[in-house]
1. Partner chain Cβ atoms within 10 Å, averaged over the residues of B:61-69 - can you pull that number for me?
2. Please list 3J(HN,Hα) in residue order for segment A:33-38, calculated via the Karplus relation 6.51 cos²θ - 1.76 cosθ + 1.60 where θ = phi - 60°; whole Hz, with x for glycine and proline.
3. Which of rounded, prolate or oblate describes chain A when judged by the alpha-carbon gyration tensor and an a/c cut-off of 1.5?
4. Residue by residue, what Karplus-based ³J(HN,Hα) values in Hz, rounded to whole numbers, does segment A:61-67 have, using 6.51, -1.76 and 1.60 with θ = phi - 60° and x for Gly and Pro?
5. Once you average over the residues of A:71-83, how many Cβ atoms of partner chains fall within 10 Å of each Cβ?
6. For segment B:4-104, with the dipole built from +1 on Lys and Arg beta-carbon atoms and -1 on Asp and Glu ones, taken about the Cα centre, which of B:Ala43, B:Leu19, B:Thr89 lies farthest toward the positive end?
7. Sort B:18-29, A:53-64, B:50-61 by packing, meaning the average of other beta carbons within 10 Å per residue, with the highest value first.
8. Go through A:Gly83, B:Gly60, B:Val75 and say which Cα lies farthest out towards the positive end of the charge dipole of the protein assembly as shown; charges sit on Cβ, +1 for Lys and Arg, -1 for Asp and Glu.
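Values quoted throughout were computed directly from the atomic coordinates according to the rules given, and no laboratory measurement underlies them. Computed from a predicted structure; not experimentally measured. Don't worry about glycine lacking a Cβ; one is built from the backbone with ideal geometry, like all the others, and counts go over all protein chains shown.
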Amino acid sequence: MPLSEEKAFPVSLDALKDMRDYVATAAAGLPIDKKKLYKLQLAVDEIATNIILYSGLNEEDAKIFMACEIKKNSLIIQLRDQGVPFDPRHKLEMEKACLSKPTEERRIGGLGIYLAITGVDEFRYEYMDGFNVNCLNVNFC
Amino acid sequence: MSFESSLDMTSNGVARITLSGKLDSSTYREFEGLIGQAIANKAKRVALLLGGLSFMASAGLRVLVFAKQKLGSSVDIYVIEAQEQVVDTITMTGLEHSVTMLDSYDAAVVEKF
């Protein structure tokens, strides 16, 4: 199945539930177990949260565009936005380093990228035509 | 189901915080507010009753770290009845070492000083 038509979501934390629901709809009927689907929804939630809070976009004049694709035995969810270029992978090592610290010494917040990237089978990012393009893949049997 | 939260204090100083629904960046302030109330009430322990919590993003972890740091090491935090995926999220980030996980609320454990 080629990439689906994109669906636009407001750049608002109130849209997170609808984005997670979009993932559930995309996965409906596919043999993806509950745990994997949860992790994919969590990954989308975290990437979208990062866009909403830190991309510099505002709700009035910008959107987050989501699309899905089924390729062989993978479900791919794509998020596109026109915020400041940001490759989440660049933040991964910093978040991983936080994991080895005792809770008392941890920075409050900042584990979302770690959960997103490690929770899916493949994470890809590119900056193309003025858009951040985040792709999250999960495999199924 | 949307997010719902509540706090009640036992007579012996345990702050029982019940969360249900989905905890994400749009809802975590509510949870953080209840931790603030528990601190203001000088809670001796905090019991998080999570049986009805079906989703927790990193915003929830943020509040756990906040709670641990603000309450201090003398105030134990119990995570009770958490669903499998929520437990996974906590353990993936190493926070299970900072809390005590229980399958159900046991007053003989949580309220024993």
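1. On the way: counts 7, 7, 2, 2, 10, 3, 2, 5, 5.
Other-chain Cβ atoms within 10 Å of each residue's Cβ, averaged: 5.
2. These are the phi-based 3J(HN,Hα) values: 6, 4, 5, 5, 5, 4 Hz.
3. Values: a/c = 1.72, a/b = 1.18, b/c = 1.46.
Here chain A falls in the oblate category.
4. Each residue's phi maps through the Karplus curve to give 10, 9, 9, 10, 9, 10, 8 Hz.
5. Details: counts 0, 0, 0, 0, 0, 0, 0, 0, 0, 0, 0, 0, 0.
Average per residue, whole number: 0.
6. It is B:Ala43.
7. Values: B:18-29: 20.7, A:53-64: 14.3, B:50-61: 22.4.
The densest-packed peptide leads the list: B:50-61, B:18-29, A:53-64.
8. B:Val75
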